[in-house]
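This report concerns only the one structure given below.
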Amino acid sequence: MIRGEKVILREKRLSDASNDYAWRCDPELARLDGAVALKMPFSEFMPNYADELYYPSPIRRRFAIDNLKGEHIGNCMYYDIDERRKQAELGILIGDRKYWDKGYGTDAVITMVNYIFESTPLQRIHLSTLDWNIRAQKSFSKCGFTPRGYLNRDGNRFLIMEIWNHLEQAEEATPSSQPGKAKRAE
């Protein structure tokens, strides 16, 4: 478990499947991800879900996002892990709408980024968000991500954002100016 100020990141469980299925079938959540809502029945979804848990990919780490009471409210992951280039892509979903616009997503991203930089050799984390999703862009900016360009994919335009780890510099910096850590709001 990885504890943030508002969230706990934990390994995914089979019991998360019903939430994950509901969120993947939700058209609004799919639209925010530039994807199509899942149409398959739960009976077909479940075996694939179980396989991903039991046989995880070496280039992907998936986590559930729980609130501090232990309620599953979303998911985050880092994937396309490239150890040679020391980078990975980050993805996040707050599926439970009760937790939107309350800082849970920002805290999950900060917690995940700090975990990655402190426990892996990765030096760069990047993400993509739809160019019209200003709410997500503001959240990622609060975490220390900076815009780096655009990507067109499947008829959507995505803003690419990134954050770099500078731990060597951070160790020499004052605690209030650590460039290697994702930022927490003051």
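The values are calculated or read from the model by the stated rules, or taken from the named source; none is laboratory data. Values in this document were obtained by computation on a predicted structure and should not be read as measured data. Every residue, glycine among them, receives a Cβ derived from its backbone with ideal geometry; neighbour counts consider all protein chains shown.
The residue of the range 139-155 that is farthest from Ala108 (Cα to Cα), among those that are outside any helix (DSSP H, G or I) and either in contact with a helix residue (DSSP H, G or I) (Cβ under 9 Å, 6 or more places away or on another chain) or among the polar types (S, T, N, Q) (or both), is Asn152. With respect to the conditions (1) farther than 22 Å from Phe140 by Cβ; (2) at pLDDT 95 or above, Tyr99 falls short on a single one, namely (1). For the range 40-65: of the residues being touching a residue at least 40 places away in the same chain (Cβ under 8 Å) and crowded, with 17+ Cβ neighbours inside 10 Å, which is nearest to Asp16 (Cα to Cα)? Among those residues, the one meeting the criterion is Ala64. Restricting Ala37, Ala22 to residues that are surrounded by 11 or more Cβ atoms within 10 Å (Cβ to Cβ), more than 16 Å from Met77 (Cα to Cα), touching a residue at least 40 places away in the same chain (Cβ under 8 Å) and not hydroxyl-bearing (Ser, Thr, Tyr) narrows the list to Ala22. Scanning the range 76-84 finds no residues that are in contact with a Lys or Arg (Cβ under 8 Å, 6 or more places away or on another chain), at pLDDT below 95 and either surrounded by fewer than 17 Cβ atoms within 10 Å (Cβ to Cβ) or over 20 Å from Trp23 (Cα atoms) (or both). Just to be sure, is Ala136 part of a strand (DSSP E or B), in contact (Cβ under 8 Å) with a residue 12 or more places away in the chain and small (Gly, Ala, Ser)? Against the criterion (part of a strand (DSSP E or B), in contact (Cβ under 8 Å) with a residue 12 or more places away in the chain and small (Gly, Ala, Ser)), Ala136 does not qualify.
Look through Lys98, Lys102, Lys138, Lys69 and report the one residue that is out of contact with any Asp or Glu (no Cβ under 9 Å at 6 or more places or on another chain) and more than 24 Å from Ala22 (Cβ to Cβ).
Lys138
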